[in-house]
Structures are given as structure tokens and as C-alpha cells.
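Down below is the structure, laid out as C-alpha cells.
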Amino acid sequence: MGALSRGRARLAGQSARDQKTGAFLDQLENHLRVGEIARGRVLDLFCYHGGFGLQAARHAEQVLCIDQDQGAVERARQNAEQNSLGNVSVRAGNAFDELRAAVESRQRYDLVILDPPAFAKRHSALAGARRAYKDLNLRALRLLEPGGILISCSCSARVTAEMFEELLAEAAVDARRRVAILERRGAGRDHPVLLGVPETGYLKCFVLQALD
Ligand SMILES: C[S@@+](CC[C@H](N)C(=O)[O-])C[C@H]1O[C@@H](n2cnc3c(N)ncnc32)[C@H](O)[C@@H]1O
């Protein structure tokens, strides 16, 4: 982890009561990548302990982190304080409601991060999950400044990378945004995808740019 951890915001000690045994380590390299590309106003939805938002804060003007779990919000706040990141604010909220309200009040961001929980844990949940992902991404795209970046993740193994890309394309059409795929990313190198075991490629992380 040495080279990866240099110069990044540090997250406080995790506890076994936290989600995902304490930290979403599969996202670590994506957190660091976001730290490199962040600028301006940033919205980190489903922030958990601030893994994305805190890295983004190193180069962004302002970062707003939102999660519905009060414990996660407290921890994200502590992490921002311990890293002396005065440009980070954290609050509890439902990401779907927050996005709807932000679109209605015509807010604009240079970077939006979507890292929701797995919406399709069972095959029967796939259609609903697809709708939820599309709804989130459509609204997030509407918030972007021209040239703005959307980091869009899905950790549902049942939603394949092809499916996810297809619904991102549908969201872009409905949002009336011309969008470029800058990067197709997955889990970090310490979470390898095993040939013949497609579910090990569960994590998708797209870096998208609204061109105008
Ligand atoms: C995959 S985790 C996010 C991990 C985090 N982005 C990271 O990289 O460390 C999903 C998070 O979404 C939160 N969550 C679930 N449903 C939500 C909702 N409707 N609105 C806001 N947060 C929600 C959970 O509490 C959890 O912290």
C-alpha cells in the first residue's frame, strides 16, 4: 500500500461494526484517482466515511458529502477534521431526494460521485435496480457544469459492465447531455478479476465527462 497511500487523506480507524468490515478497500485506487481529477464544486453521494470526498477535497474548492447512515456521516466529519479539510461539509440525507432537490434548485457541480450500495442482490431485483441506477445517473448528469465529471459506480455483480454502460447511455440521452467515457475502471489491483468467475468483476467505476 506504500506508494498508494502517499499524500492522500487518511481515514480514521475502522471498527468491525462498520459496513464492509470497516472500509470499502476495493475503491481505494478509485478514491485516489478522484483525488487527481477533482476541481471546483464536488458532490459525493453515498459518501460513507468520505473515501472519495476527502481525496477530492485536496484540489477542489468545496466538497459536499452525503450519506443516509448517521454513523457514517459522523465518521466522515471526523475524517475531514482530522485531515484539516475545512472545505468539506457532510450531512445525512437520502441521495435520491437530495439529487431531485439539487436539480430542481438548478445547482451545478464540477464533479459528482455516485457510489450506491448494490441495488440488485437477487436476479428478481434487476429491473428495479436498473431503474434506480438510471434515475440517479440521469439526475447527476443534469447537475454537471459543461465539461463536468461524473464518477459513476455500481457494485452489483448482476448488473454487468455492458448493462451498466447501456443504462448510462440511456441516462445521458434522457438528460440531454453529450457524454464521453474517459475511463472504465473496476476494483483495485488487490481485488483481481478471476477468469471464469465473472462475478469477481462486480465493481464498475466509470469516469464520464459532460462535453457541453
Ligand atoms: C458502497 S457504499 C459507499 C462507499 C463509499 N463511497 C466509499 O468509497 O468508501 C454505499 C453507501 O450508501 C449509503 N446509502 C445507502 N442508501 C442510501 C440512500 N438512499 N441515500 C444516501 N446514502 C445511502 C450507505 O449507508 C453506504 O454508506
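Readers should treat all values here as calculations from the given coordinates under stated rules, not as data from a laboratory. None of the values given here were measured: they were computed from a predicted structure. A quick note on method: Cβ atoms are made from the backbone with ideal geometry, for glycine too, and the neighbour counts reach across all protein chains shown.
P(r) for the range 55-145, from all Cα pairs and a bin width of 5 Å, is 2, 12, 20, 21, 20, 14, 7, 3, 1 %, short bins first.
Beta bridges from DSSP with both residues in the chain: antiparallel share about 40 percent, rounded to the nearest 5. The dipole here belongs to the chain: it is taken about the Cα centre, uses +1 on the Cβ of Lys and Arg and -1 on the Cβ of Asp and Glu, and is about 20 debye. Sequentially through the range 53-68, phi angles give Karplus couplings (6.51, -1.76, 1.60; θ = phi - 60°) of x, 5, 5, 4, 5, 5, 10, 7, 6, 9, 10, 10, 10, 9, 8, 7 Hz, Gly and Pro residues having no value and appearing as x.
Take the chain, connect every pair of alpha-carbon atoms lying under 10 Å apart with a spring to form a Gaussian network, then pick out the residue of Ala129, Ala171, Ala101 with the largest mean-square fluctuation. Maximum fluctuation in the GNM of the chain, among the listed residues, is at Ala101. Close amide H partners of Ala187, meaning residues 5 or more places away or on another chain with modelled amide H under 5 Å apart, are Leu203. In the chain the Cα-Cα distances spread across 5 Å bins starting at 0 as 1, 8, 16, 20, 22, 18, 11, 5, 1, 0 percent of all pairs.
Calculate, in whole percent, how much of the Cα-Cα pair population of the range 90-192 lies beyond 19 Å.
Value for the range 90-192: 43 percent of Cα pairs lie more than 19 Å apart.
Out of Gly148, Gln78, Ser124, whose Cα points farthest toward the positive end of the dipole of the range 48-194 (charges: +1 Lys, Arg; -1 Asp, Glu; placed on Cβ)? My answer, from the dipole projection, is Ser124.
Determine the calculated [θ] at 222 nm for the chain from helices alone, applying -39500 (n - 2.57) to every DSSP H run no shorter than 4 residues and normalising by the residue count; nearest 500 deg cm²/dmol.
-11000 deg cm²/dmol
At the listed q of 0.26 Å⁻¹, the Debye profile of the range 55-98, built from one uniform point per Cα, gives log10 I(q)/I(0) equal to -0.90.
Taking the chain as a Gaussian network of alpha-carbon nodes connected by springs under 10 Å, the highest mean-square fluctuation of the residues Arg139, Arg185, Arg106 belongs to Arg106.
For Gly40, the residues whose amide H sits under 5 Å from its own are Glu61, ignoring neighbours fewer than 5 places away on the same chain, with H placed 1.01 Å from N.
Averaging over all projection directions, find the projected area of the Cα convex hull of the range 14-114 and quote it in nm² with one decimal place.
5.9
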